[in-house]
Amino acid sequence: MTQRRLLLVIISLCFFLTGCVEKEILDDINLVTGAGFDLTDDGKIRGSAVINTYLKDQPVADYVLTDESELTRDILSNLQKKSPDPLVLGKIDIVLFGEGLGKRGITELVDTLQRDASIGARLLLAVTRGDAKDVLDGEFANQGASRYISNLILHNKLNQDLPRTNLHLFLYQYYSKGQDMFLPIVKKNEENGAVEIDGLALFDHKKVVGEIPNDKLLFFKVLTDQYTKGAYKLKLEDGEAAGIKSIESSMKLNVVSTEPLKVQLEVYLEGYIHEYTGKKITPEVTDKVEKTFEKEMKTETEALIEYFKELTIDPIGIGEEIRSQSRSFKLDNWRERIPELTVEIIPEVIISESGVID
């Protein structure tokens, strides 16, 4: 085949394939950018869909469609009947689950989301304090609810203490026998209407069974994720305080034995002191900060492990790690064995520099 004929064949195929794609004109559809699901008083599920409207020389405006149904798959169909244009989910960024629904179970709803081919695996999920619809009705300046809440979660994941979460990771944890799910909690500030992070929701195989407050998130993140940047205020025994910034972390799990169950968690953190309430940052102060931070890290992470054992959950994924390191270990009865697990925390904190001029 000559180059010219080959080129003509390729061009013809492109035209043929293009003609097979279903076209959707933005002016003729309604893009759903966010959604919320709540449990009603009579046991039904209330679904709320956030739709952005774009007007010339005006900020983005939201309007919210709601409907109630006993079956989650009926909600979108019913919402379509309330929309002047077809609702399309291809641009959805965030899905919120109300507090009541989270405590009853959300896995059926998440399963519905994963079955929709137009929804990406990086869709963000979160649990709300109170009803999801109340959060979606908050104040979001000129950004709109979906963009604001998505940016809130992504920013706190990258620069603060939230561990990574999205639809893909949630499903991986759900189908894993050796790890349980977790999602951020967001709430509406009743004083100013703004939305903010309010901890982390912990799941068993189906529903929310516990949570971690904001001030403990750092210790959870070093066990489940990697810090690339972060900050922490450390109180020292002499009454002074040190601000530690640009925290980087890593964690390594070593299986000591499977009978009895025992593992070691080696936790490594590195950062620099960017603020200190004392007179001068000396090598002695740096050494004191390292030792105090190591002690606090050990105490707080051990407390989290005991909390997980009481709830018989494994959000860290210790079971998966043991299985990957020991072929003889089986996950079939892992949840029943969680309370007998012994975890030894081995922390190491390195203060690389002071970050200030002495």
| message | Among Asp131, Asp41, Asp116, which one shows the highest mean-square fluctuation when the chain is modelled as a Gaussian network with alpha-carbon springs under 10 Å? | response | Asp41
| With Cα atoms, 0 to 90° folded angle of helix 283-311 axis to the chain main axis | 60 degrees
| remark: Rounded to the nearest 5, the percent of antiparallel DSSP beta bridges in the chain equals 65 percent
| note | Sorted by accessible surface (1.4 Å probe, heavy atoms of the protein chains only), largest first, Asp111, Asp314 come out as Asp111, Asp314
| query | Which value in nm describes the separation of the simple spin-label points at His205 and Leu331, placed 7 Å from the Cα toward the beta carbon? | reply | 1.2 nm
| Using a 1.4 angstrom probe and counting only protein chains, how large is the accessible area of Lys103 in Å², to 10? | 120 Å²
| Within the range 31-52, whose backbone N sits under 16 Å from a point 7 Å along Cα→Cβ of Asp85? | 31-34, 50-52
| task | Could you check which residue among Glu99, Glu340, Glu139 shows the biggest mean-square fluctuation in a GNM of the chain with a 10 Å Cα cutoff? | result | Glu340
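Just to verify a number: FRET efficiency for Lys291 and Glu196, C-beta to C-beta distance, R0 = 30 Å, to 0.05?
Values: r = 34 Å, r/R0 = 1.12.
So the FRET efficiency works out to roughly 0.35.
Between Ser324 and Thr40, what length in nm is gained on full extension when 0.36 nm per residue of separation is reduced by their alpha carbon distance?
Contour length minus Cα-Cα distance gives 98.0 nm.
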| query | Setting aside same-chain residues fewer than 8 positions from Lys295, which aspartates and glutamates have a Cα under 19 Å from its Cα? | reply | Asp215, Glu237, Asp238, Glu240, Glu248, Glu266, Glu270, Glu284, Asp287, Glu306, Glu344, Glu348
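Write down the accessible area per residue of the chain in Å², having rolled a 1.4 Å probe over the full set of protein chains.
55 Å²
Output the pairs from Lys103/Lys262; Lys207/Lys233; Lys245/Lys288; Lys216/Lys309; Lys216/Lys252 with a Cα-Cα distance over 24 Å in this structure; if there are none, say none.
Beyond 24 Å between Cα atoms: Lys103/Lys262; Lys207/Lys233.
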| message | Give me the one-decimal nm value for the distance between modelled label points at Glu68 and Arg122, 7 Å along each residue's Cα-to-Cβ direction. | response | 3.7 nm
| note | Counting only protein heavy atoms and leaving out ligands, DNA and RNA, the solvent-accessible surface of Ile351 at a 1.4 Å probe, in Å² to the nearest 10, equals 20 Å²
| query | Tyr232 accessible area, nearest 10 Å², 1.4 Å probe? | reply | 40 Å²
| Can you list the aspartates and glutamates whose alpha carbon sits under 13 Å from that of Lys188, skipping same-chain ones fewer than 8 residues off? | Glu99, Asp131, Asp134, Asp137, Glu139, Glu196, Asp198
| query | Per the helix-only calculation at 222 nm, which mean residue ellipticity applies to the chain, given -39500 (n - 2.57) for every DSSP H run of n ≥ 4 and division by its residues, nearest 500 deg cm²/dmol? | reply | -10000 deg cm²/dmol
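The values are calculated or read from the model by the stated rules, or taken from the named source; none is laboratory data. These numbers come from a predicted model, not from an experiment. With ideal geometry, Cβ positions are generated from the backbone for all residues, glycine too; neighbour counts draw on all protein chains shown. Protein only, heavy atoms only, side chains kept; ligands, DNA and RNA dropped before computing areas. Shrake-Rupley method; radii C 1.70, N 1.55, O 1.52, S 1.80 Å.
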